[in-house]
Amino acid sequence: MKKKWLYSIAAVVMGAMLLTGCGGADRSARTEDENRIVIADTQGPTSLDPAQSWDSWYTSRWGITETLYKLDENLKPYPFLAKSCEMEDDTTWVITLRDDVTFQNGEKMTAESVKKCWERTAGINARFQEVLYIDSMEADGQILTVKTSKPVPAFLNSLCEPLTGIIDVDDGQDPAKQPVGTGPFRAVSYEVNSKCVVEKYEDYWGGEPKADGAVINIIGDTSTLAMAQQNGETDISVSMPGTSLELFEDTSRYNADGVAGSRGEIIYFNYDNPILSQLPVRQALSMIIDKENYAAVINQGASVSARGIYPDFMDFGASKGEGYAYDPQKAAELLDNAGITDTDGNGIREYQGKDISLRLVTYNTKGELPLFCNEISSAAKEIGLDIQVEVYGSTIEQQKTGDFDLMMVSATMCPTGDPQYFADITLKTGGSGNYGGYSNEKVDKLIDQLDVEFDGNRRTQLAKEIQKEVLDDAGFIVVGHAKYYYIMGTNVKGLHTNPSEYYLLDKDVYKE
């Protein structure tokens, strides 16, 4: 196991090195090219291959790859690389592609190139089939006919998922380094967890981009992230923590553009741990979290508290009275009534004769997560539970191996605007994002119904029923939903925050 103390020291040193290194390099680049935008984010992809892991989210944000449909500011899908998508029957979709789209190598995007791209992605990333459920495809010129393995009512929404982004798989370039997409910017280079450089694609189908290119610096330390923006070394900062927002209140220097989104601070339980398989323990942990205080005070208003799984402001959000209210006294009573008590007087309750000690893992590139975890550890101690917090640079390894008892991550619940997405990958037994192995037969049956239901009102009702069952089961804990912010200099124009988190650079973003 990594040593968290050593990691913390290393993070501080690395943060200082990043600030010094990025500062000099970026100033030089900006002197040579004032129309090159400098962006900073706390996280980066493992590669630029959109088929790998969640890397497509970054190639989408950085203007490299695009999807057939796109989400508007109300999370409604509209045609983008496609002209239309019509449902022929419950399992057949006919997609008509635009005729004027070229890849960044000048080759035309056709139905065959889309088919090849999706076949490659499906062979690499299991999540692809949880998005589109493709059984077969037939390409004819600019017409792609897709047959799904079951009815997919959210098919149009799913076409907006960056994982479905299109690249030219016949180009010969290594997609991990230089994917050839259709976007306004093509990849020049990428140093993992360090820096990506993109340049404009002058023959972009949507019109010549206004910016010449961009440099994206990955700065894991959030203090360094804020300092780089203050020093003018960064034009746009992504994932700025709420604790730093007060630094950017001077509207003569900064614009803080933010919207409420569906990104939640979620706690996964590892159901292989017999202690966490006990409902009273999960309920008690749910009841020691003062969600309103976490959002308003600890995160300084950069998030909103959550009653349920989905954002409260959405139609399928939790109803009043659902979930578990903050009540430490009742949490302690639940454990007492379940016979989970402290018999030896050392302040720690026991289960099957052993002190209850749990490992809560998280990462530091979302600044609020370690703060929340430390507060949870303190609250747990008050009711006789020992929780040790471990902070890493990433929890990807723990997600793969299940090496955790509790894990808090920042995850999006409905980035495509539809509840099916999160239900399929996280709440369902065996879902690719169900890291703790949660399994509830009734929830699975409701999700199966949601997956094939086309009526919008019934879909909303099913999502609410799914959520209520998960809440009653204390299957997961969602602490709150983050507001999605970009901090930018006032000279940055054309950038508007979208609650999906899929978009950043496009042809209209530039510097004055």
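Does the range 488-502 include one or more residues that are closer than 24 Å to TYR69 by Cα, buried (at least 21 other Cβ atoms within 10 Å of the Cβ) and not assigned by TED's automatic domain parsing to the domain that holds PHE185?
No - not one qualifying residue is present in the range 488-502.
Hey, does the range 267-275 have a residue that's in contact (Cβ under 8 Å) with a residue 12 or more places away in the chain, surrounded by fewer than 16 Cβ atoms within 10 Å (Cβ to Cβ) and under 24 Å from THR395 (Cβ atoms)?
Narrowing the range 267-275 to residues in contact (Cβ under 8 Å) with a residue 12 or more places away in the chain: 267-275.
With the extra rule that they be surrounded by fewer than 16 Cβ atoms within 10 Å (Cβ to Cβ), the set shrinks to 272, 274.
With under 24 Å from THR395 (Cβ atoms) added as a condition, the list becomes 272, 274.
Within the range 267-275, one or more residues are in contact (Cβ under 8 Å) with a residue 12 or more places away in the chain, surrounded by fewer than 16 Cβ atoms within 10 Å (Cβ to Cβ) and under 24 Å from THR395 (Cβ atoms).
Can you list residue pairs whose Cβ atoms sit under 9 Å apart, with the first residue in the range 460-482 being within 14 Å of ALA284 (Cα to Cα) and outside the structural domain of MET407 (by TED's automatic domain parsing) and the second being crowded, with 22+ Cβ neighbours inside 10 Å and at pLDDT below 95? Count only pairs 6 or more apart in sequence or on different chains.
Here the result reads none, with nothing in the range 460-482 linked to a residue that is crowded, with 22+ Cβ neighbours inside 10 Å and at pLDDT below 95.
Can you name the strands (runs of 3 or more DSSP E) wholly within the range 300-414 that have at least 3 residues being without any contact (Cβ under 8 Å) to a residue 40 or more places away in the chain? Working first, answer last.
Details: elements: 303-305, 357-363, 386-392, 406-412.
Answer list for the range 300-414: 386-392.
Give the range 123-172 a look and list any residue that's surrounded by fewer than 19 Cβ atoms within 10 Å (Cβ to Cβ) and small (Gly, Ala, Ser), or say none.
GLY123, ALA126, SER136, ALA139, GLY141, SER149, GLY172
Which of the residues that make up the range 475-506 are in contact with a Ser or Thr (Cβ under 8 Å, 6 or more places away or on another chain) and polar (S, T, N, Q)?
THR490, SER500
Got a number for residues in the range 400-437 being more than 28 Å from LEU156 (Cα to Cα) and either surrounded by 17 or more Cβ atoms within 10 Å (Cβ to Cβ) or among the acidic types (Asp, Glu) (or both)?
Of the range 400-437, the ones more than 28 Å from LEU156 (Cα to Cα) are 400-408, 436-437.
From the residues that got through so far, the ones that are either surrounded by 17 or more Cβ atoms within 10 Å (Cβ to Cβ) or among the acidic types (Asp, Glu) (or both) too are 403-408, 436.
Looking only at that region, the number is 7.
Which of the residues spanning the range 484-501 are closer than 22 Å to PRO419 by Cβ and touching a helix residue (DSSP H, G or I) at 6+ places or on another chain (Cβ under 8 Å)?
GLU501 - this is the single residue of the range 484-501 that is closer than 22 Å to PRO419 by Cβ and touching a helix residue (DSSP H, G or I) at 6+ places or on another chain (Cβ under 8 Å).
Out of everything in the range 464-501 that is hydroxyl-bearing (Ser, Thr, Tyr) and more than 27 Å from ASP448 (Cα to Cα), what residue ends up being farthest from the chain's Cα centre (by Cα)? If you could, list the steps in order and put the result at the bottom.
In the first step, residues of the range 464-501 are kept if they are hydroxyl-bearing (Ser, Thr, Tyr); the result is 484-486, 490, 497, 500.
Checking which are more than 27 Å from ASP448 (Cα to Cα) leaves us with 484-486, 490, 497.
On the way: TYR484: 11, TYR485: 14, TYR486: 15, THR490: 27, THR497: 15 Å.
The extreme case among them is THR490.
Yes or no: the range 85-106 includes at least one residue that is basic (Lys, Arg), assigned by TED's automatic domain parsing to the domain that holds VAL188, modelled with pLDDT of 95 or more and in contact with a Ser or Thr (Cβ under 9 Å, 6 or more places away or on another chain). Break it down stepwise before answering.
Going through the range 85-106, the residues basic (Lys, Arg) turn out to be 98.
Adding the requirement that they be assigned by TED's automatic domain parsing to the domain that holds VAL188 leaves 98.
Next cut, modelled with pLDDT of 95 or more only: 98.
From what's left, in contact with a Ser or Thr (Cβ under 9 Å, 6 or more places away or on another chain): none.
The answer is no; no qualifying residue exists.
For the range 57-70, check the following and say yes or no: at least one residue is out of contact with any Phe, Trp or Tyr (no Cβ under 9 Å at 6 or more places or on another chain), in the same structural domain as GLU202 (by TED's automatic domain parsing) and charged (D, E, K, R). Spell out how you get there, then give the answer.
Residues of the range 57-70 out of contact with any Phe, Trp or Tyr (no Cβ under 9 Å at 6 or more places or on another chain): 58-59, 65.
If we keep only those that are in the same structural domain as GLU202 (by TED's automatic domain parsing) as well, we get 58-59, 65.
Still in the running and charged (D, E, K, R): none.
Checking the range 57-70: not a single residue is out of contact with any Phe, Trp or Tyr (no Cβ under 9 Å at 6 or more places or on another chain), in the same structural domain as GLU202 (by TED's automatic domain parsing) and charged (D, E, K, R).
Could we say that GLU130 is in contact (Cβ under 8 Å) with a residue 12 or more places away in the chain and in contact with a His (Cβ under 8 Å, 6 or more places away or on another chain) here? Show your work before the answer.
Numbers: in contact (Cβ under 8 Å) with a residue 12 or more places away in the chain: yes; in contact with a His (Cβ under 8 Å, 6 or more places away or on another chain): no.
When the stated conditions are applied, GLU130 does not pass them.
Of the residues that sit in the range 482-512 and are of a type in the set (D, E, K, R) and closer than 19 Å to GLY367 by Cα, which one is modelled with the lowest pLDDT?
The initial filter retains those residues of the range 482-512 that are of a type in the set (D, E, K, R), namely 483, 493, 501, 506-508, 511-512.
If we keep only those that are closer than 19 Å to GLY367 by Cα too, we end up with 483, 501.
Values: LYS483: 83, GLU501: 87.
Selected residue: LYS483.
Table: residues versus (1) in contact with an Asp or Glu (Cβ under 7 Å, 6 or more places away or on another chain); (2) in the same structural domain as ASN434 (by TED's automatic domain parsing); (3) surrounded by fewer than 21 Cβ atoms within 10 Å (Cβ to Cβ).
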residue: ALA296; (1), (2), (3): no, yes, yes
residue: GLY301; (1), (2), (3): no, yes, yes
residue: GLY308; (1), (2), (3): yes, yes, no
residue: PHE313; (1), (2), (3): no, yes, yes
residue: ALA332; (1), (2), (3): no, yes, yes
residue: ASN337; (1), (2), (3): no, yes, yes
residue: THR362; (1), (2), (3): no, yes, no
residue: THR365; (1), (2), (3): no, yes, no
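Could you figure out which of (1) in contact with a Gly (Cβ under 8 Å, 6 or more places away or on another chain); (2) at pLDDT below 95 isn't true of VAL479?
With respect to (1) in contact with a Gly (Cβ under 8 Å, 6 or more places away or on another chain); (2) at pLDDT below 95, VAL479 is out only on (2).
Could you check SER53 against (1) modelled with pLDDT under 95; (2) crowded, with 23+ Cβ neighbours inside 10 Å; (3) on the phi > 0 side of the Ramachandran plot and say which number it fails?
(2)
Since TYR78 meets every condition but one in (1) in contact (Cβ under 8 Å) with a residue 12 or more places away in the chain; (2) loosely packed, with under 14 Cβ neighbours inside 10 Å, which condition does it not meet?
Checking TYR78 against (1) in contact (Cβ under 8 Å) with a residue 12 or more places away in the chain; (2) loosely packed, with under 14 Cβ neighbours inside 10 Å, the one that fails is (1).
The values are calculated or read from the model by the stated rules, or taken from the named source; none is laboratory data. Values in this document were obtained by computation on a predicted structure and should not be read as measured data. Cβ atoms come from the backbone with ideal geometry, glycine included; neighbour counts cover every protein chain shown.
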